[in-house]
Amino acid sequence: MHARIYLTSVFVPDQAAALAFYTEKLGFVVHDDIPLGEDRWLTVTAADDTDGTQLLLEPNAHPAARAYTAALAEDGIPAASFQVDDVTAAHAELVAQGVRFVQDPVDAGPVTTAVLDDTCGNLIQLVGPRVDQTAQ
């Protein structure tokens, strides 16, 4: 068997607001937007890999979803982790757009990480290869 990650999700209280953040700030593009009663099957993908892993912006209507999301955020645990080429550059770009970070870039061995607030109740980690700033 050869399994791959097809879809993962973050719980959000407002799909329209989440869509705006994930597309306008983080640069994702809509993959699926299918009405399902009051909600939507709403997925986004990386703009340069539209056939890649999808992120479902899943309504947090169930009380367990709200409790789970709140507990992760309260404990500082990211709900998802997204790879970028340069965390420091991405951090600067997003801060300039008004995105709030709860952890500025930190070197962690061979990678650099930062954690942002997605405005939907989730913390999102950015991770990328450690960039030697002295070589630039």
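Bear in mind these aren't lab numbers, they're just calculated from the coordinates by the rules spelled out. Because the structure is a prediction, the values reported are computed rather than measured. Methodologically, a virtual Cβ is constructed for each residue, glycine included, from the backbone with ideal geometry; neighbour enumeration extends over all protein chains shown.
Build a GNM of the chain with springs between Cα atoms under 10 Å apart, and of Gln54, Gln83, Gln15 the one that fluctuates most is Gln83. Between 0 and 90 degrees, the angle of helix 63-74 with respect to the longest Cα principal axis of the chain falls at about 10 degrees. Between Val115, Val102, Val44, the Gaussian network model of the chain with springs among Cα atoms under 10 angstrom shows the greatest mean-square fluctuation at Val102. Amide H to amide H, with H built 1.01 Å from N, Ala80 comes under 5 Å of Gln125, counting only residues 5 or more places away or on other chains. Restricting the calculation to Cα atoms, region 7-135 shows an Rg/Rh of 0.98 when the hydrodynamic-style radius is the Kirkwood one. Between Ala80, Ala46, Ala92, the residue with the greatest mean-square fluctuation in the GNM of the chain (Cα pairs under 10 Å linked by springs) is Ala92. Computed from point charges on the beta carbon alone (+1 for Lys and Arg, -1 for Asp and Glu), the dipole magnitude for the chain about its Cα centre is near 200 Debye. Entry note, the chain: relative contact order of 23 percent, from Cα contacts under 8 Å with a spacing of 6+ residues.
Counting only trypsin sites (Lys or Arg not before Pro) that sit in a DSSP loop (anything but H, G, I, E, B) with at most 13 other Cβ atoms within 10 Å, what is the longest stretch of the chain containing none of them? Kindly include the intermediate steps, with their values, before the conclusion.
Details: sites that count: Arg4, Arg100.
Longest gap between qualifying sites, sites excluded: 5-99.
In this simple spin-label approximation, Arg4 and Asp49 carry label points 7 Å from Cα along the Cα→Cβ vector, and these lie 1.0 nm apart.
Sequence-ordered 3J(HN,Hα) estimates for region 93-107 from the Karplus curve with 6.51, -1.76 and 1.60 and θ = phi - 60° stand at 5, 6, 4, 4, 8, x, 6, 8, 9, 9, 9, 6, x, 9, 6 Hz, glycine and proline given as x. Can you give the % of DSSP beta bridges in region 7-135 that are antiparallel, to the nearest 5? Just about 70 percent of them are antiparallel.
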